[in-house]
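Throughout, read-outs are computed from the coordinates displayed, never taken from laboratory work. Note that this is a predicted model, so its numbers are computed, not measured. Cβ atoms come from the backbone with ideal geometry, glycine included; neighbour counts cover every protein chain shown.
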Amino acid sequence: MFDKAKMLAQAFKLKKAVEEEMIELEENGIVIKVSGDQKIKFLSVNGMENKMLVEVVNKAMKKSQEAAAKKMKDMGGLDGLF
């Protein structure tokens, strides 16, 4: 039981570290900041921030990840690979 708690604590620490990573790219008047957990945190086009677009893109990415996870589960997951 202790090992499981230790593993959960390590997983939480790793998750937090990944979320805190930030990648910023600026190109052709577009600035985008993406966190390590693949969430768009900031987007501007020609100096104008667009929070609505950020929300919609993040929702679409989440749905895509959920669909991929379901497909993997339906196909047996990763158990057969290891």
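For the chain, give the magnitude of the charge dipole about the Cα centre (Cβ charges: +1 Lys/Arg, -1 Asp/Glu; no others), in debye to the nearest 20. Provide the component values of the computation, followed by the final result.
Numbers: 15 positive and 13 negative charges, 90 e Å.
Taking the Cα centre of the chain as origin, the dipole is about 440 debye.
Hey, of [x] 52, 30, 21; [y] 40, 25, 21; [z] 34, 23, 20, which did the structure itself give for Cα extents along the principal axes in Å when calculated?
Computing Cα extents along the principal axes in Å and matching it to [x] 52, 30, 21; [y] 40, 25, 21; [z] 34, 23, 20 gives [x].
Run the numbers for Lys62 and Phe42: contour at 0.36 nm per residue of separation, minus the present Cα-Cα distance, in nm. Walk me through the numbers before you get to the answer.
Details: separation 20, 0.36 × 20 = 7.20 nm, distance 1.66 nm.
Full extension of this stretch gives 5.5 nm more.
With the cut-off at 30 Å, tell me which of the pairs Lys6/Lys59; Lys4/Lys39; Lys13/Lys41; Lys4/Lys59 have Cα atoms farther apart than that. Before the final figure, lay out each step's value.
Details: Lys6/Lys59 32 Å; Lys4/Lys39 28 Å; Lys13/Lys41 21 Å; Lys4/Lys59 32 Å.
Flagged as over cut-off: Lys6/Lys59; Lys4/Lys59.
Can you give the local net charge around Ile23? Use residues other than it whose beta-carbon is closer than 15 angstrom to its beta-carbon, Lys and Arg +1, Asp and Glu -1.
-4
Residues with amide H under 5 Å of Lys41's amide H, sequence separation 5 or more or different chain, H placed in the peptide plane at 1.01 Å from N; which?
Lys33, Val34, Ser35
From the phi angles alone, apply the Karplus equation (6.51, -1.76, 1.60; θ = phi - 60°) to the range 29-34 and give each ³J(HN,Hα) in whole Hz, x where the residue is Gly or Pro.
Running phi through 6.51 cos²θ - 1.76 cosθ + 1.60 with θ = phi - 60° gives x, 10, 10, 9, 10, 10 Hz.
Would you work out which of Ala11, Phe42, Asn58 lies farthest towards the positive end of the dipole of the chain, given +1 charges on the beta-carbon of Lys and Arg and -1 on that of Asp and Glu, about the Cα centre?
It is Ala11, whose Cα lies furthest towards the positive end.
Taking Cα atoms, how many degrees apart are the long axis of helix 2-20 and the longest axis of the chain, rounded to 10 and kept between 0 and 90?
Helix 2-20 sits at roughly 10 degrees to that axis.
Quick one: if you stick a label point 7 Å off each Cα along the C-beta vector at Ile23 and Gln10, how many nm between them?
2.6
Add -39500 (n - 2.57) for each DSSP H run of 4 or more in the chain, then divide by its residues: what number comes out at 222 nm, to the nearest 500 deg cm²/dmol?
Details: 2 runs with 43 residues, N = 82.
Result for the chain: -18000 deg cm²/dmol, rounded to the nearest 500.
Whole-Hz Karplus ³J(HN,Hα) for the range 64-73, in order, using 6.51 cos²θ - 1.76 cosθ + 1.60 and θ = phi - 60°, x for Gly and Pro?
Values, residue by residue: 5, 5, 5, 5, 5, 5, 5, 4, 5, 5 Hz.
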